[in-house]
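The numbers here are math on the coordinates, done by the rules we state, and not lab data. Computed from a predicted structure; not experimentally measured. Methodologically, a virtual Cβ is constructed for each residue, glycine included, from the backbone with ideal geometry; neighbour enumeration extends over all protein chains shown.
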């Protein structure tokens with residue numbers, strides 16, 4: 001076998017570029033490691049010639065309404081459904097966000113995709129920007145059409161590494177596996193350019209640096225190389241990025257490494273192999289935002305100060321051990337860790353209380369708070385003004401993630417225009433974090449792989465044409481999830497003063513009872529007789545999922561009618577076990593009706609159908625109905641032992657959608673308007689309580705190229721999302737609880753008040769989800785004009801362009817939680833950018849939150865007690881050089 005990369009002349013450029021990146025950001029060992037990998041590219045045997053400025057340049061001809069931002073969805077894409085189809089003609093809600101739009105509209109994370117995506121608004125998952133919320137539901141993360149390990153709160157998804165992001169609303173294509181209603185974010189990496197490298201036959205790339213507010217520092221490299229294999233064309237692309245930054249929020253200093261590499265090789269005139277992978281390291285910790293949330297805090301920044309009760313006994317003077325945050329005894333049930341909490345009370349309906357329980361009321365419901373008094377008064381109570389940069393954070397907090405993704409595609413095209421493709425996908429994650437409010441998580445060696453094969457063919461007659469794919473897949477997941485959260489408490493810390501030994505919950509470890517000896521008390525209960533108890537994991541779920549599926553999808557056109565039909569059959573073989581033990585060494589699942597390892601098998605049939613009609617005027621109305629099944633999963637995506645035991649691990653969801661799309665004005669305007677109505681069942685929150693979710697809404701997307709200079713993007717959403725979940729674990733707003741019981745908030749802030757949701761609102765209550773604005777509007781415009789600067793664009797290369805972008809996102813006011821305890825006001829956040837580019841040099845200035853608007857985002861978890869304050873105005877300046 002002969003492999004060539006355009007000759008054998010050594011290429012020093014990648015090594016030089018990597019050394020430059022290393023000099024700027026090599027203050028950490030992992031940065032040096034990544035720079036070494038990139039530098040290794042310099043050993044590749046390459047030969048290339050950079051065109052000089054003296055060479056003849058073909059004059060660029062601008063066409064009226066030129067789409068210089070890849071704004072209009074004109075290209076056929078097989079990603080959304082698996083069939084080549086223009087989004088305008090796709091009878092579903094799909095939004096494409098290209099890398100050009102990510103750059104020019106200053107998009108920094110998946111949270112910012114709301115600016116260009118109707119139906120999307122992401123609540124704060126304790127500050128981690130790992131996945132989107134679509135139509136009020138968490139969306140699945142896909143990588144080149146394969147579902148990844150779930151990532152609601154592990155690490156930030158780096159959208160700068162995407163060449164394109166596809167946001168699909170509703171269930172996934174049958175091609176992509178079982179999924180629930182809501183949506184998907186399909187990440188197309190920059191290494192998709194390996195195809196272009198093969199076709200262009202030249203070495204190309206760019207190196208870029210970004211600096212910005214709060215010591216933002218990012219370095220990035222793109223490199224495309226043509227190659228040959230046994231006289232067949234091929235291409236290779238590498239993308240690498242290093243970030244080492246501080247941030248607007250005090251103490252929070254995220255760093256990130258991303259490396260992508262891909263090969264695209266023709267082994268014959270009809271067969272192509274694509275091989276690639278991605279490595280990411282991230283240390284982004286969770287930042288919940290503000291605690292002690294009151295309406296006064298939201299309205300004018302008035303924060304209630306005060307110190308929690310003295311609980312630290314000095315055994316570990318830096319943090320609270322389990323015997324300090326609770327009382328360990330076998331008199332406490334296994335389900336609550338064989339420990340009565342000293343930092344919170346669990347409330348039940350009054351009729352279920354006993355003589356020693358404290359009476360209270362909330363929302364007109366009579367309560368009994370188990371264990372006695374719910375008073376946890378603060379000392380030295382006062383008030384202060386809280387800056388948005390001050391949040392619930394601790395120097396001891398950490399979150400380390402390593403994620404590795406790899407893929408292999410083999411594609412073959414037959415003489416009759418049919419095609420066959422087999423793809424192998426692998427995803428792995430190692431993640432561990434500690435947050436001092438009382439949460440520790442560890443996902444050791446989580447991994448999955450999937451094999452998918454499909455056959456595409458066409459049928460054409462005089463009146464009918466059909467594009468069809470059929471195929472099968474097998475998916476295998478091995479996932480381990482370890483969580484410690486029973487003592488999570490937010491309000492007892494005064495964040496204006498920072499963490500103290502009396503409000504820093506100790507992290508969980510694997511052997512918390514290593515130096516402990518047990519004894520019995522006077523009542524015969526088992527207690528700790530000697531030794532130090534460290535915190536334990538109260539969930540340790542080990543699961544395996546084997547999923548085999550068959551799928552078919554057909555795109556049928558009859559004159560102006562189009563029918564899109566899809567179906568999928570899945571078989572599941574699952575096993576899961578919770579091996580967590582309590583503070584007395586007892587298995588948590590010993591209190592379950594079916595302890596030990598659980599096994600289950602089942603099958604499911606999902607389908608979808610869409611009908612559309614294309615008018616000559618450019619309007620395309622459509623209707624869609626879909627029925628889907630998805631596996632009930634924990635936060636990592638693994639099977640839950642309890643649901644296997646009860647045979648309730650598959651949950652149904654359905655969608656009805658009707659809309660109209662428009663492509664007009666000589667292809668310079670794209671518009672889409674739709675109505676959706678969906679319902680689903682899911683396991684919600686840390687306790688995985690069964691929840692029914694109902695959503696409906698209207699979505700509008702508009703993209704227009706008004707002229708060569710002016711482009712406009714606008715989106716609008718009206719949505720309503722309701723849920724029913726009697727068993728959802730709920731921590732209620734302490735200030736609201738205190739007000740309803742004639743107390744001051746400071747009387748409660750030293751602990752927490754919790755219970756099942758039905759305790760506070762009654763059984764079967766259908767409540768609107770908090771934190772989701774009913775109305776959202778975004779409008780962004782860009783203006784481009786030629787501008788030639790003599791020192792950057794010497795004649796005859798007069799190719800300089802100046803592009804300005806300005807836009808806003810407006811979100812309606814919303815309640816922070818289902819109880820309406822705090823109202824988060826409406827806001828308008830402006831974003832601007834200024835870009836100057838020549839044939840080789842590009843500079844970009846981005847300004848986020850231009851007017852320094854103060855606004856708030858509700859939390860995905862604990863939405864009654866924490867809220868995320870907005871980031872202030874930030875600036876970043878990027879420079880890149882293309883070669």
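At-a-glance table
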quantity	calculated
Descending Cα extents along the principal axes, region 694-736, whole Å	56, 26, 14
Where the Cα pairs of region 548-603 fall when distances are cut into 5 Å bins, in %	4, 14, 14, 10, 10, 8, 8, 7, 6, 6, 5, 4, 2, 1, 0
Fully extended contour minus Cα-Cα distance, from residue 202 to residue 812, at 0.36 nm per residue	214.6 nm
Cβ-Cβ FRET estimate between residue 744 and residue 656, R0 fixed at 56 Å, reported to 0.05	0.70
Within the chain, percent of DSSP bridges classed antiparallel, to nearest 5	95
Distance (nanometres) between label positions extended 7 Å along Cα→Cβ at residue 563 and residue 647	3.6
Nearest-0.05 FRET efficiency for residue 74 and residue 787, computed from C-beta distance (R0 22 Å)	0.20
Zone of residue 497's modelled label, taken as backbone nitrogen in region 351-393 under 12 Å from a point 7 Å along Cα→Cβ	378-383
Pair-distance profile P(r), taking every C-alpha pair of region 135-209, with 10 angstrom steps and integer %	17, 42, 26, 14, 2
Sequence ranges 362-369, 236-243, 407-414, ranked by mean other-Cβ count within 10 angstrom, highest first	236-243, 362-369, 407-414
For peptides 770-781, 394-405, 372-383, sequence by mean Cβ density within 10 Å, most packed first	770-781, 394-405, 372-383
Helical mean residue ellipticity (222 nm; -39500 (n - 2.57) per DSSP H run of 4+; nearest 500) of the chain	-2000 deg cm²/dmol
From the C-alpha gyration tensor of region 411-522, square roots of 5λ in Å	57, 19, 12
Kirkwood Rh, Cα atoms: Rg over Rh of region 288-382	1.03
Approximate spin-label separation residue 766-residue 229, in nm, with each point projected 7 Å along Cα-to-Cβ	5.6
Degrees separating the helix 13-25 axis from the principal Cα axis of the chain, which is the longest one	30
Volume of the Cα convex hull of the chain, divided per residue and given in Å³	168
Separation in nanometres of the label points that stand 7 Å from Cα toward Cβ, at residue 518 and residue 554	6.4
Extension gain, residue 529 back to residue 420 (0.36 nm per residue minus Cα-Cα distance, nm)	32.5 nm
Region 714-805: radius of gyration and largest Cα-Cα distance (Dmax), Å	27.3, 79
Rounded FRET efficiency, nearest 0.05, which uses the C-beta distance separating residue 601 from residue 408 and R0 of 51 Å	0.95
0 to 90° range, to nearest 10: angle between helix 29-40 axis and the chain longest Cα axis	20
For region 645-769, diffusion coefficient by Stokes-Einstein and Kirkwood Rh (Cα), 20 °C, 1.002 mPa s, µm²/s	115
Estimated Rh, region 801-883: Kirkwood, alpha-carbon pairs, angstrom	15.0
Added length on full extension, which subtracts the Cα-Cα distance from 0.36 nm per residue, residue 463 to residue 449	0.8 nm
Kirkwood Rh, angstrom, region 691-762 [1 / mean 1/r, Cα pairs]	16.5
Calculated diffusion of region 524-675, Stokes-Einstein form, Kirkwood radius summed over Cα pairs, 20 °C and 1.002 mPa s, µm²/s	108
